[in-house]
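Below: one structure, written as structure tokens.
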């Protein structure tokens, strides 16, 4: 395996795990406290499944995040021995523009593992993981192309556009696993109760997703403009442009599927009665497909991060 391939895989796994940390935690806050309680409106099975996901995502994020930094160091030095050379490590962490960010990220990853492994798992626990995930998402900007904008207002604008983009994407894609868990749990309810509960869950998620997609599209256009200094024709016939187009196409398919769920599947569920479970199952399949497409988007994002933008 080449260093490029190693970096690509590490970034992809890291993106997926951090998206889960942020988006899956965030899901339970816009669902309302009643959904995460033991009351009649609660979703205990979906909540337990989410807790397991978060407990797994935190160490995976830590391992893949460490692997990402290791891959960066080997790529810079062309020597795998640099990983155990004290002087090289000192220079990497204290004499490079991203060394301080790397230290902060490693601290956040260790903190995430500690929080995830703790025996308690209330809303405070969920909030802690959500904020750690958010900080990890935003701090990625200083390890990628967004940090190349330099200092001043221009550089700050690039960082801000990246932060908005990844937070919105994390809320959208990262919220899909608990949404899938919640739809799967509807089988423990009667048809009418399941229909009402599913409509409420989907309505809340759909509203959040529409806001997130708006920010994703706008910040994505702004970020692409920064990468090519406003000359979008530079994207043609370049590896960076190919990866960006691939990512955009998959996002468009995800958006089409999300629109189908919002404007076709949900209205059908709203008028369903005894056949409500069938409609809920179909919604579940659609959400699963949307999640699979989300993972492909993260793969494309991983490629973009290790591909030089056109100059």
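The values are calculated or read from the model by the stated rules, or taken from the named source; none is laboratory data. Everything quoted here is computed from the prediction, not taken from an experiment. Cβ sites come from the backbone with ideal geometry, for glycine too, and all protein chains shown count toward neighbours.
As a summary of the residue check, residue 94 satisfies the conditions (1) farther than 15 Å from residue 139 by Cβ; (2) surrounded by 14 or more Cβ atoms within 10 Å (Cβ to Cβ); (3) without any contact (Cβ under 8 Å) to a residue 40 or more places away in the chain except for the one numbered (2).
Condition check ((1) assigned to a helix (DSSP H, G or I); (2) under 15 Å from residue 20 (Cα atoms); (3) in contact with a helix residue (DSSP H, G or I) (Cβ under 6 Å, 6 or more places away or on another chain)) across all residues:
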{"site": "51", "(1), (2), (3)": "yes, yes, no"}
{"site": "55", "(1), (2), (3)": "yes, yes, yes"}
{"site": "61", "(1), (2), (3)": "yes, yes, yes"}
{"site": "67", "(1), (2), (3)": "yes, no, yes"}
{"site": "71", "(1), (2), (3)": "yes, no, yes"}
{"site": "76", "(1), (2), (3)": "yes, no, no"}
{"site": "87", "(1), (2), (3)": "yes, no, no"}
{"site": "106", "(1), (2), (3)": "yes, no, no"}
{"site": "114", "(1), (2), (3)": "yes, no, no"}
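Run down 160, 141 and say which single residue is at pLDDT 85 or above and either assigned to a helix (DSSP H, G or I) or more than 18 Å from the chain's Cα centre (by Cα) (or both). Unique residue meeting the criteria: 160.
Screening residue 30 with (1) surrounded by 15 or more Cβ atoms within 10 Å (Cβ to Cβ); (2) in contact with a helix residue (DSSP H, G or I) (Cβ under 6 Å, 6 or more places away or on another chain); (3) within 25 Å of residue 165 (Cβ to Cβ) gives one miss only, at (1).
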